[in-house]
Amino acid sequence: METIRRRFRAVVLMGAAASVMVFAAGAKAQNQNSNSNHWPYGNPTPDNSWPYAKIGRSPVLAVVGDVACQPGETEPSGEKAGENCDGDSAQNLKASQAATAKQIEDMKPNLVALVGDEQYQVGQYSDFQHSYELTYGGFKFITRPAPGNHEFYTEHGAIGVAGYGYFSYFNGVQHNADGTIMTATIANNPDTGGTFTQPVPYSDGQAGHFELTGGLGNTVPAGGPVGVGDGWYSYNLGAWHIISLNIECETQPGGCTGSWFAAELAWLKNDLAANHSACTAAYWHQPTFSAANSIAVPEGPTAVAFWQLLYRYGADLVLNGHDHLYARYRPLDPSGNYDPKKGIREFIVGTGGETLDAVVTTNTTTADPSGNPNFNAENLEAASGEFWGVMGLTLNQNGYAWDFESALKDPAQTTGPASYSDKGVGTCHGPVNR
């Protein structure tokens, strides 16, 4: 009998061991299957540490700005032809923004960096819903936006909605106790009268912080707070530290020289001081150096303060929009001098869908803050204003690879090549506190 018991016990143990082996094999198969998820779940997540090579590839950041046409067929007063979504026989901007959205879909990036002017003309919440959402909305949860002037400012006879539409779309909207949407009234141009009524966004979310009080120049209805869109934040992707900034300072408290901008600069300095990543990039809307010879005042000269801090702390790349074209500059110091050792390379990718601008390379007077009339001729390495497209930025451990590919040619350009490409590689010089 004892012998039978021992044999029975051995069979049970062997069966248990076999069950464990089967479970382990099944778990392994399940884990392997989970790694074969399709994009975006199959990509490395933004919080994973280096090396990405263990799970597939270096992360890719899609970069583009100046995207979505204004819904409707009526051109705003003073607007150049073609910046609404419908009714323009020369070019249909729904086609151009759809083409760049398809390009992002085909690229399958880890994240999408939007460099401002996501929605024309003044970025109302309803405009985001009826234009931007229909193309770029599919990438919303992997999008890391920065605001542009069309989300904040005076545009064609109307004061912008002070970032309310932008922050409401990306952060979500607040509701009153009875379930209705909480709204704020934004004063329109005093010369024309009228107001904008916009949802009140949550204070924190995908677009960064929105302060519910303290805004200037607006009227407040009962229970409708009027706030201030800060919107700066940073994140890590692979070996890179990436910073999204808000240069829309003109209508903020104190303007571009006051308390609001000073708070952003203090935040940026602290963020850079705490950064030990191998590589660093920052993005905002209006460029410090303009390939269209159109330095925005006061934002462009104000952005030099960003550049000075980024240069001091060893940043590698600056990404901008506002100029509706693609451009790549050689590495520059804050004064616009060529600096191959410590200089920051600026890319402008304002080619998401809005009407395009011509590249200006000679006889310019405002391409950079110093007013050098030959600045673009001396410093532009590549540029085109004939194509809509998106730049893919591969973030390697100690460097980067850029690849701008055209998605669609401007139909107004009837000569020249049918497509455009600019690609290359660069190395990071590392932050000073690495």
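State which residue is most open to solvent (accessible area, probe 1.4 Å) when the search covers only the range 276-285 and only residues that are assigned to a loop (DSSP other than H, G, I, E, B) and over 25 Å from residue 258 (Cβ atoms). First the steps, then the outcome.
Restricting attention to the range 276-285, the residues satisfying the condition of being assigned to a loop (DSSP other than H, G, I, E, B) are 276-278, 284-285.
Applying the additional criterion that residues be over 25 Å from residue 258 (Cβ atoms) yields 276-278.
Numbers: 276: 116, 277: 23, 278: 15 Å².
My answer is 276.
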Hey, does the range 341-354 have a residue that's open to solvent by 10 Å² or more (accessible area, probe 1.4 Å), in contact (Cβ under 8 Å) with a residue 12 or more places away in the chain and not charged (D, E, K, R)? no
Across (1) in contact (Cβ under 8 Å) with a residue 40 or more places away in the chain; (2) crowded, with 24+ Cβ neighbours inside 10 Å, residue 328 clears everything bar (2)
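Residue by residue through the range 134-154, note down the ones that are open to solvent by 20 Å² or more (accessible area, probe 1.4 Å) and either touching a Pro at 6+ places or on another chain (Cβ under 8 Å) or more than 18 Å from residue 319 (Cβ to Cβ) (or both). Give the steps one after another, and end with the answer.
From the range 134-154, those open to solvent by 20 Å² or more (accessible area, probe 1.4 Å) are 134-135, 138, 140-141, 144, 154; that's our starting set.
Across the range 134-154, the qualifying residues are 134, 135, 138, 140, 141, 154.
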Selection from the range 401-425 of residues over 24 Å from residue 331 (Cα atoms) and of a type outside the set (Val, Ile, Thr) yields 407, 408, 409, 410, 411, 412, 413, 416, 417, 418, 419
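Could you look through the range 229-250, keep only residues that are open to solvent by 10 Å² or more (accessible area, probe 1.4 Å) and not polar (S, T, N, Q), and pick out the one that is farthest from residue 396 (Cα to Cα)? So that I can check it myself, show each step before the final result.
Residues of the range 229-250 that are open to solvent by 10 Å² or more (accessible area, probe 1.4 Å), as a first pass: 230, 232-236, 238-239, 241, 250.
Going one step further and asking which of them are not polar (S, T, N, Q), we end up with 230, 232-233, 235, 238-239, 241, 250.
Working: 230: 30, 232: 24, 233: 22, 235: 16, 238: 8, 239: 7, 241: 12, 250: 36 Å.
Top of the filtered list is 250.
Counting only residues that are closer than 30 Å to residue 103 by Cβ and either open to solvent by 40 Å² or more (accessible area, probe 1.4 Å) or of a type in the set (Asp, Glu) (or both), how many does the range 378-393 have?
Restricting attention to the range 378-393, the residues satisfying the condition of being closer than 30 Å to residue 103 by Cβ are 379-393.
Now drop any that are not either open to solvent by 40 Å² or more (accessible area, probe 1.4 Å) or of a type in the set (Asp, Glu) (or both), which leaves 381, 386.
Matching residues across the range 378-393 total 2.
Condition first: surrounded by 24 or more Cβ atoms within 10 Å (Cβ to Cβ) and over 20 Å from residue 320 (Cα atoms). Can you find one or more residues in the range 119-127 that meet it? Before the answer, list the steps.
Pass one, the range 119-127, residues surrounded by 24 or more Cβ atoms within 10 Å (Cβ to Cβ): 119-120, 122-124, 127.
Within this subset, residues satisfying the condition of being over 20 Å from residue 320 (Cα atoms) are 124, 127.
Checking the range 119-127: at least one residue is surrounded by 24 or more Cβ atoms within 10 Å (Cβ to Cβ) and over 20 Å from residue 320 (Cα atoms).
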| field | Residue match in the range 300-321 (condition: out of contact with any helix residue (DSSP H, G or I) (no Cβ under 8 Å at 6 or more places or on another chain), at positive phi and not in a helix (DSSP H, G or I)) | value | yes
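Inspect all residues belonging to the range 93-108 and state whether any of them is at pLDDT below 85, part of a helix (DSSP H, G or I) and under 30 Å from residue 160 (Cα atoms).
Taking the range 93-108 as the starting set, the residues that turn out to be at pLDDT below 85 are 93.
Subsequent filtering for residues that are part of a helix (DSSP H, G or I) retains 93.
So of that shortlist, the ones also under 30 Å from residue 160 (Cα atoms) come out as 93.
Yes, the range 93-108 contains at least one residue that is at pLDDT below 85, part of a helix (DSSP H, G or I) and under 30 Å from residue 160 (Cα atoms).
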Of the residues in the range 355-377, those that are touching a residue at least 40 places away in the same chain (Cβ under 8 Å) and of a type outside the set (Val, Ile, Thr) come to 356, 357, 358, 367, 368, 369, 375, 376
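Yes or no, residue by residue, for (1) in a loop (DSSP other than H, G, I, E, B); (2) surrounded by fewer than 24 Cβ atoms within 10 Å (Cβ to Cβ); (3) in contact with a strand residue (DSSP E or B) (Cβ under 8 Å, 6 or more places away or on another chain):
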position	(1), (2), (3)
271	no, yes, yes
287	yes, no, yes
334	yes, yes, no
362	yes, yes, no
Practice item. Kindly indicate whether residue 267 is at pLDDT 90 or above, among the aromatic types (Phe, Trp, Tyr) and open to solvent by 50 Å² or more (accessible area, probe 1.4 Å). Key: yes
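Yes or no: residue 297 free of Cβ contacts under 8 Å to residues at least 24 places away in the same chain and either under 22 Å from residue 256 (Cβ atoms) or under 20 Å from the mean Cα position of the chain (by Cα) (or both)? Walk me through it before giving the result.
Values: free of Cβ contacts under 8 Å to residues at least 24 places away in the same chain: yes; either under 22 Å from residue 256 (Cβ atoms) or under 20 Å from the mean Cα position of the chain (by Cα) (or both): yes.
Yes.
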Over the range 403-419, the set of residues touching a residue at least 40 places away in the same chain (Cβ under 8 Å) and surrounded by fewer than 21 Cβ atoms within 10 Å (Cβ to Cβ) is 405, 408, 410, 411, 412
The correct count of residues that are out of contact with any Gly (no Cβ under 8 Å at 6 or more places or on another chain) and among the polar types (S, T, N, Q) in the range 246-296 is 7
Scanning for something under 24 Å from the mean Cα position of the chain (by Cα) and either in a strand (DSSP E or B) or under 24 Å from residue 118 (Cβ atoms) (or both), does the range 366-376 turn up at least one residue? no
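Going by the conditions given, is residue 125 modelled with pLDDT of 90 or more and closer than 30 Å to residue 39 by Cα? Give the derivation first.
Numbers: modelled with pLDDT of 90 or more: yes; closer than 30 Å to residue 39 by Cα: yes.
Answer is yes for this residue.
The values are calculated or read from the model by the stated rules, or taken from the named source; none is laboratory data. Quick caveat, the model's predicted, so the values are computed rather than measured. With ideal geometry, Cβ positions are generated from the backbone for all residues, glycine too; neighbour counts draw on all protein chains shown. We work out accessible area using only protein heavy atoms, side chains counted, and drop any ligands, DNA or RNA first. Shrake-Rupley method; radii C 1.70, N 1.55, O 1.52, S 1.80 Å.
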